[in-house]
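Asker: The structure under discussion is supplied below as C-alpha cells; questions concerning it will follow.
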Amino acid sequence: MGGKKDKDEDKAHGKPVKYDPSFRGPIKNRSCTDVICCVLFLVFILGYIVVGIVAWVYGDPRQVLYPRNSTGAYCGIGENKDKPYLLYFNIFSCILATNIITVAEKGLQCPTPQVCVSSCPEKAWTAGWPEYSQTVGEVFYNAGRNFCQPGVPSDMNVLQSLTQELCPSFLLPSTPALGRCFPLSNATAPDFPTIQNSSVPDSISGLLDSLNARDISVKIFEDFAQSWYWILVALGVALILSLLFILLLRLVAGPLVLVLILGVLGVLAYGIYHCWTEYRVLRDRGASISQLGFTSNLSAYRSVQETWLAARECPSALEGVLLLLLIFLRQRIRIAIALLKEASRAVGHMMSTMFYPLVTFVLLLICIAYWAMTALYLATSGQPQYVFWAPNANLPSCENVNSSCDPMAQPVNSSCPGLMCVFQGYSATGLVQRSLFNLQIYGVLGLFWTLNWVLALGQCVLAGAFASFYWAFHKPQDIPTFPLSSAFIRTLRYHTGSLAFGALILSLVQIARVVLEYIDHKLRGAQNPVARCIMCCFKCCLWCLEKFIKFLNRNAYIMIAIYGKNFCVSAKNAFMLLMRNILRVVVLDKVTDLLLFFGKLLVVGGVGILSFFFFSGRIQGLGKDFESPHLNYYWLPIMTSILGAYVIASGFFSVFGMCVDTLFLCFLEDLERNDGSLDRPYYMSKGLLKILGKKNQAPPGDKKRKK
C-alpha cells in the first residue's frame, strides 16, 4: 500500500528530479527562452518610447509649472518674466478642487479675469464711490496698485474699468502659493455686493488647507538643510544594524529563532492569563450576560464574564496548535534554522549581492520618472481654446457666450454686460488628442510591466548568484569569481522574454485590481449590501491571485536562473517540487517571515528611537559638535530617518529572503538528485547533513567530481 501511495503522489506532484552527473549548478550552455514574449516586450518598449517622443513633441507641461492669465500667456516667463504670480479679480467665484494638479491645470477656467503681477496685494482695498469718478492712473497706477489688465489707459474712468472688468474692484492681503495669490486666512471680506461675507473665512481656510502656505514649505526646506547630514548618519546606522542582524543569524540563528518562538508563546500565555483573570473577577461579582441583555453598545459586553470566557478560547487554541506544531515539526524547524545559517554564510561570501537592490532602485526610479513625465506631457497636449463668457449668459444680448474667440484680438463691441474672452482648455482635435485616453492606458500598462520586469530581473539575478554558491562542491573554492555579474549578464542575454512573460501576467492582475478599486470607489454610494459583498469577494479573490502569482513567479525565476528553461516549464517544475515538500515549505516560510519581521522591527525601531531622542534634544552632554539642530518641525527628520531605515532594511532583507528561497529549492533538489555515495555526494552543508541523519561517504575534499 505504501508503494502505491508513493506512486500516486509522484503522479500528482510530478516525478522527483533524477541524478545528472554533468550538473554542477547554473548551467552555462543555455539558449534564449520565451523568444516570442521577448520580441513582444521589446516591441512594446519601442512603442513606449514612441509614445514618450509624441508626448514630448505635442505636450506643454508649462501649464502645470506656470499659471496663465486670461489671455493664455504664462506668468513668470517670456513677456511676463518679471510677473511670476497670478491674481484673480474675484477668487471666490472659482470652483476650487482638492487635487493640486487639477487646480494647476483647470484654475484658468475660473469665471473671473486673471492677470500676472509682480507681487501679491499686501493690504485690503475696496473701490468706493469716491474712486468711481477718478481715473485708473490716479486710483491704481499712482497708488502702486498695478493689478489691472495690460494696456488699460491711465485716463480711463475707474467705473468704466470696473464695469468692463479691466481692473479689480477689491483687493485682499494675499500670499503666493503654487504661483497664485491666495488670500490670508485672517482676511476680512470687503463690503461688495458680489461677495457673501459668511463664505469668505470658510473659503480661505479650505483653500489654504488644501494647498498649504509657502512659509510651511520654506520651514521644511530649512529643517532638511540643517539636519540632512544627521539623517545620513541615521541611514548609516540602519545599514550597520541590517548587516549586524544578518551576521547575528549566522552565529546564533538557533537561539534567536527559539527566543522568537518563546516570545510568541509567552504573549499567547499572557493573553490566556489576562482573560482568565478578568473572567474570574466578573464571575465572583455575578456579572452575567443574562443580566445585561441585548444592547447596541458593544463596550458594555466587556463587563460580563461570558465575553472573557469566549475570548480566552482563541489564545488557548492558538497556543495548543503552536505547541503541537513545535512537537511534530521540530525536525523541519531545525532544517529551517540550518538554511538560515547557510543563507547568512552565502551572503557573507558574496557581499556584493547586498548592494544589488541599489541597481533595482535606480531602475525602478527611471521607470516611474519616465511614466510620470510621459503622462504629464500627454495630459498637456493640444492647442489652447478660448470662449466668450459673461456673468449672466441668459440675457438676450448674450448670444455669443460659449463661442470661440481670440484673446489677442481687439475687444468685441457687445451689449452683453461683462462679456470677456477666457481660457477654456486644450483642444481634443488631432490624432494625438483623440487617442489621448488610449495612450494614457498604454502608459499605465507600460508602468506596471516595466516595474514588474525590473523586480523579476533582480530576483532572477540574485537566484543565479546564490545557486552558484550552493552547487559549489568545495566552498568557497568552487564559487565563480564574479557570480553576481555573471548571473546579471546571463539573465539579460537569455531570459528577458521569460521575465517579461511572468511580469506581464502579474501586471494584468494588478491592473484588474486597480480597475476594480476604481469602480468600487465610484459606485460605493449607490451599492446595496449584496453588491458590496460581491465586490468585496472579487477584490479578495484578485488579492489572493496576485499573492499566488508573485509566489509562483519568484520560484519560477529561481528555476530559470538554474536550468535556463522557459517560464512555464520552470514554474511547473518549481511548483511540483514545492508540493512534494509542502510541510518543509510552510515551516521555512513562516520561520523566515518571523525572522525578517523581527529584523525590520529591530532596525526601524532602533533608528526611530535614536532619531527621536536626538532630534528632540533629549540626549545631553554630546558636545557642541554633536548637538541636535534647532528645527521648526523636529518630527520631520525623524519620519525621514524611519522611512529611509525601512527602505534600507527591506532592501537588505529582500536579498536575504531571496537567498533563503534559492538555497531551499537547491536543497530539495539535492535530496532528490543525490544519495551521499561516492558518485552522488550531497552538496549541502555538514549541519544540514547532521540534522537529516545523512552523510557523504567521502569528505568533500577527498574525492573530485567526475568530469
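Asker: On full extension of the chain, what length is gained from Val321 through Thr481, given 0.36 nm per residue of separation minus the C-alpha to C-alpha distance?
Answerer: That works out to 52.9 nm of additional length.
Asker: Let me ask something else. Using a 1.4 Å probe on the protein heavy atoms only, what accessible surface does Leu247 show? Give it in Å² to the nearest 10.
Answerer: The accessible area comes out at roughly 90 Å².
Asker: Now for a different question. For Gln160 and Cys568, what does the FRET efficiency come to when R0 = 60 Å and r is the distance between their Cβ atoms, rounded to the nearest 0.05? Let's see the in-between values first.
Answerer: Numbers: r = 78 Å, r/R0 = 1.31.
Step by step, r from the Cβ atoms, then E = 0.15.
Asker: While we're looking at this one, here's another question. Taking amide H atoms as placed 1.01 Å from N in the peptide plane, list the residues 5 or more away in sequence, or in a different chain, whose amide H sits under 5 Å from that of Arg180.
Answerer: For Arg180, whose amide H was placed from the backbone, the distant partners under 5 Å are Leu86.
Asker: Still on this model: Take the residue pairs Lys18/Lys547; Lys28/Lys695; Lys550/Lys590; Lys547/Lys590 and return only those whose Cα atoms are more than 23 Å apart.
Answerer: Violating the 23 Å limit, Cα to Cα: Lys18/Lys547; Lys28/Lys695.
Asker: Right, something else. Return the Rg/Rh ratio of the range 510-564 with Cα-based radii and a Kirkwood Rh.
Answerer: Expressed as Rg/Rh, it is 1.25.
Asker: Would you please give the FRET efficiency between Met576 and Ser677, computed as 1/(1 + (r/R0)^6) with r the Cβ-Cβ distance and R0 = 22 Å, to the nearest 0.05?
Answerer: With a Förster radius of 22 Å, E is 0.30.
Asker: Then there's this: Please list the radius of gyration and Dmax for the range 338-380, considering alpha-carbon atoms only, with Å as the unit.
Answerer: Every Cα atom of the range 338-380 included, Rg and Dmax give 18.1, 57 Å.
Asker: Turning to a different aspect of this structure: I need the Debye-formula profile for the range 114-184: one equal scatterer per C-alpha, no solvent, reported as log10 I(q)/I(0) at q = 0.26, 0.28 1/Å, two decimals.
Answerer: -1.25, -1.38
Asker: Sticking with this structure for a sec: In nm, what is the difference between 0.36 nm times the number of residues separating Ala225 and Cys537 and their Cα-Cα distance?
Answerer: 107.5 nm
Asker: Right, here's the next one. Just to verify a number: what accessible area does Lys83 come out at with the full protein assembly present, 1.4 Å probe, Å² rounded to tens?
Answerer: Here the residue's solvent-accessible area equals roughly 70 Å².
Asker: Then there is this: Return the FRET efficiency for the residue pair Leu248, Ile366: r is the Cβ-Cβ distance, R0 is 30 Å, and the value is rounded to the nearest 0.05. All intermediate terms of the calculation are to be shown ahead of the outcome.
Answerer: Details: r = 35 Å, r/R0 = 1.16.
Using R0 = 30 Å, I get an efficiency of 0.30.
Asker: How much length is gained if the chain between Asp284 and Cys544 is pulled fully straight, taking 0.36 nm per residue apart and subtracting their Cα-Cα distance, in nm to one decimal?
Answerer: 88.9 nm
The values are calculated or read from the model by the stated rules, or taken from the named source; none is laboratory data. As the structure is a computational prediction, the values presented were derived from the model and not from experiment. Cβ: placed from backbone, ideal geometry, glycine included. Neighbour counts: every protein chain shown. Just the protein is used for accessible areas: all its heavy atoms, side chains included, with ligands, DNA and RNA removed. Shrake-Rupley method; radii C 1.70, N 1.55, O 1.52, S 1.80 Å.
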